[in-house]
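Novice: Below are the structure tokens for one structure; questions will follow.
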Amino acid sequence: MKILIAGDWHRDAHWAVETIKAARQQGLRHVIHLGDLGAFWPSDYPEPPSRTNSLGKAYGFTRSLSDAVRDANIKFMFIDGNNDNHEFLAQLPRRRRRARMMGLTYLPRGTRFRLGGRRFGALGGAYSLDRGQRRHHVDWWPEEEPTAEDVRRLGDRRLDVLLAHEVPASVELPASFPVRPETEAEANRTRELVQAAVEATRPAQLFAGHWHQRLTVPVPGSDTVLQVLDMQRRLGNSVVLDTKTLTVEPFVQVPARRDGPAQQERPA
């Protein structure tokens, strides 16, 4: 089985829809997103949810993504990043620890599952480097960071693939934008947790987003290979994982047309 794995989309509907279409055209039936997706954002719910349906009816980016997934007959799964509506995700109805709504399946932190005969684990969440510029419960939620309990829930049985938003602490990334030392120290809380998860589960492949760059690097002191994926509208935003061989191939996609202004890059 071949699976499309994608990095940050930041609510870019055009890029999301074009990526889903391209995946289907290339025969891919499964997509996994690594967080900072932006589905179920407050602005996608212009009508207040009713008492009988607390989740309400979504429009905007969430509706566009859901319709594209349905039309392509794609199975779409995602973990959370830092720029996701954590309050809403916590309300989603869950079955066997997965949550599904509008054809989009959320994988809560600590979730394990099998796909293509391989063992996958999910550990979403990260620290927002631009937290001071965001508004509480509008585009930032305090539940954005994973916890030690999330890592314990993931367990220590070996995985083939670990899905994360942040990278482990032992990996040094070239900075794509300046980060203040005190902010870096805050972000390192999550990086230490991802490091602990890697050491406990020893995956062959670790996928992450968050840092808006495309890199393939070994995790020091382990047999794990880290695949960092870029943000939307860049060719390194998605890759294809072959579950038979656990190898990673480039995903060739024509860049989305700039019918309007692209999502402006901002700190992770």
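Read-outs throughout are calculated quantities, based only on the coordinates presented, and are distinct from any laboratory measurement. Just so it is clear, the structure is predicted and the values come from calculations on it, not from any experiment. Positions of Cβ are backbone-derived with ideal geometry, glycine not excepted, and every protein chain shown enters the neighbour counts.
Novice: For a Förster distance of 22 Å, can you work out the FRET efficiency between the beta-carbons of SER43 and ALA90, rounded to the nearest 0.05?
Specialist: Using R0 = 22 Å, I get an efficiency of 0.75.
Novice: Restricting the count to DSSP beta bridges whose residues both fall in the chain, what percent are antiparallel, rounded to a multiple of 5?
Specialist: Percentage antiparallel, nearest 5: 50.
Novice: Would you mind computing the Rg to Rh ratio of the range 1-112 from its alpha-carbon coordinates, Kirkwood style for Rh?
Specialist: Checking Rg against Rh, the ratio lands at 0.95.
Novice: Could I ask something else about it? When the label point is put 7 Å from the Cα of LEU215 along its Cα-to-beta-carbon vector, which residues of the range 145-178 have a backbone N closer than 12 Å?
Specialist: 167-177
Novice: Would you mind ranking SER43, SER170 so that the residue whose beta carbon has the fewest other beta carbons within 10 Å leads the list?
Specialist: SER43, SER170
Novice: Return the calculated 222 nm mean residue ellipticity for the chain, to the nearest 500 deg cm²/dmol, obtained by summing -39500 (n - 2.57) across DSSP H runs with n ≥ 4 and dividing by the residue count.
Specialist: -6500 deg cm²/dmol
Novice: Further question on the same structure: Specify the inter-centroid distance of the range 79-152 and the range 54-74, based on alpha-carbon positions, in whole Å.
Specialist: 18 Å
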